[in-house]
Amino acid sequence: MRAFEYFAPQQLADVIHTLSTAGGNARVCAGGTDILGRLKDGVDTPDKLVCLKTLPEMRYVRESNDGVRIGALTTLSTIEEDPIIRKSFPLLVEALYVTAAPQIRNQATMGGSICQRPRCWYLRGPFDCLRKGGAKCFAVDGENKYHAILGGHLCYIVHPSDSATALVALNASAKIQGSKGEKTVPLEKFFVGPEVNILKENILEDDEILTEIFIPTPSAGARGAFSKSRERQSYDFALASAAVQCTMKNGVCAEARVVLGGVAPIPWRSIEAEEELKGKKLDPKTIERAAAAAVRKAKPMTQNIYKVDLTRQLLSKSLSQIMV
């Protein structure tokens with residue numbers, strides 16, 4: 001591991017100052033479940049490591065008139081067990097419950113989960129891939145069992161966060177703090193696909209951090225479900241997942257948000273599936289059409305064609321749970 005300076009600031013302003021003066025050579029550490037592995041693997045080689053654990057003001061779950069606000073340093077287990085979240089956002093609870101193992105959820109933070117980097121073995125290994133400034137994506141002609149079937153463009157990583165998939169389905173937004181001030185963006189706009197920037201997974205600049213997630217209060221009649229497939233049932237990243245939030249009125253789906261995980265470089269919102277659901281009764285035929293639409297544009301590689309059927313089955317499962 002390359003040597004670095006370690007900072008434990010007491011105020012958010014000190015974090016921003018350190019990041020803004022580091023010339024892009026600083027990284028932040030929250031729970032440490034991702035960044036420590038990246039440091040050991042040489043994926044990140046910062047001059048400075050800024051610890052956020054000394055900022056208790058970023059650990060909270062707060063209910064307001066229009067929704068719930070979650071501090072970026074709140075652990076996944078705290079969120080999963082929070083009575084407000086369990087009552088109003090069961091979709092998020094389902095996603096958190098199948099995220100990693102309990103020991104990791106006790107340490108990992110919401111901000112870290114959303115901002116974690118892909119687990120692609122070419123990115124994390126000794127390969128000069130496109131995402132590290134190299135000339136090719138080794139997954140195209142290599143081992144691509146876990147790679148993208150949707151949204152790939154030169155690079156075929158998949159976003160690893162279950163919580164991000166659920167939060168996009170819940171129409172969450174992200175608050176960002178930087179040297180130029182504060183801004184809030186829809187969470188689905190927070191992520192960056194390879195067609196936009198091959199070197200980044202989100203919109204954060206070098207001097208910015210994610211400070212809060214806001215989830216709006218669900219509409220009356222809203223129902224949500226999350227389904228995930230993984231190789232190890234004890235804990236593992238998603239081979240594929242499907243998060244669904246539908247607003248039902250008189251047995252008809254008035255609004256729908258369908259987000260797929262483990263199959264694209266970003267949490268993948270399926271507009272095609274949503275269009276098949278809106279204005280229709282949620283019956284087996286509608287579910288079948290929506291699930292087929294979600295993977296209609298899939299472009300699997302040599303070893304991940306199984307993800308097409310798997311994604312269709314998981315989306316059908318989530319929608320069926322809402323229909324019951």
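The values are calculated or read from the model by the stated rules, or taken from the named source; none is laboratory data. What you see is a predicted model; the values in this text were computed from it and never measured. When we count neighbours, we look across all protein chains shown, and the Cβ atoms used for this are built from the backbone with ideal geometry, even at glycine.
Criterion applied to Y146, Y97 was being more than 18 Å from P265 (Cα to Cα) and modelled with pLDDT of 95 or more, and the one residue passing it is Y97.
The residues of segment 164-178 that are surrounded by 24 or more Cβ atoms within 10 Å (Cβ to Cβ) and either basic (K, R) or touching a residue at least 60 places away in the same chain (Cβ under 8 Å) (or both), listed by number, are A164, T165, A166, L167, V168, A169, L170, A174. Can you confirm whether segment 73-83 contains a residue that is under 17 Å from D162 (Cβ atoms) and surrounded by fewer than 17 Cβ atoms within 10 Å (Cβ to Cβ)? Within segment 73-83 (the criterion being under 17 Å from D162 (Cβ atoms) and surrounded by fewer than 17 Cβ atoms within 10 Å (Cβ to Cβ)), the answer is yes, since at least one residue qualifies.
I need a count of the residues in segment 66-113 that are small (G, A, S) and assigned to a loop (DSSP other than H, G, I, E, B). Break it down stepwise before answering.
Pass one, segment 66-113, residues small (G, A, S): 67, 71-72, 77, 88, 95, 100-101, 108, 111-113.
Next, from what is left, pick out any that are assigned to a loop (DSSP other than H, G, I, E, B): 72, 100-101, 108.
Residues that pass the stated criteria total 4.
Only residues that are touching a residue at least 60 places away in the same chain (Cβ under 8 Å) and more than 13 Å from S113 (Cα to Cα): list them for segment 29-40, please. If the condition is that a residue be touching a residue at least 60 places away in the same chain (Cβ under 8 Å) and more than 13 Å from S113 (Cα to Cα), then G37, R38 are the ones that fit. Scanning segment 136-163 for residues that are over 16 Å from the mean Cα position of the chain (by Cα), over 24 Å from I35 (Cβ atoms), surrounded by 19 or more Cβ atoms within 10 Å (Cβ to Cβ) and hydrophobic (A, V, I, L, M, F, W, C) yields one hit, I149. Find all pairs meeting these conditions: Cβ atoms under 6 angstrom apart; at least six residues apart or on different chains; first residue within segment 269-282 and without any contact (Cβ under 8 Å) to a residue 24 or more places away in the chain; second residue assigned to a helix (DSSP H, G or I) and surrounded by fewer than 21 Cβ atoms within 10 Å (Cβ to Cβ). These pairs meet every condition: E276/R289; E276/A293.
When segment 9-24 is examined, which residues are found to be surrounded by 14 or more Cβ atoms within 10 Å (Cβ to Cβ) and either farther than 30 Å from T78 by Cα or in contact with a Lys or Arg (Cβ under 8 Å, 6 or more places away or on another chain) (or both)?
Taking segment 9-24 and keeping what is surrounded by 14 or more Cβ atoms within 10 Å (Cβ to Cβ), we get 9, 12, 14-20, 22.
Once the filter is applied, which keeps residues that are surrounded by 14 or more Cβ atoms within 10 Å (Cβ to Cβ) and either farther than 30 Å from T78 by Cα or in contact with a Lys or Arg (Cβ under 8 Å, 6 or more places away or on another chain) (or both), segment 9-24 yields T18, S20, A22.
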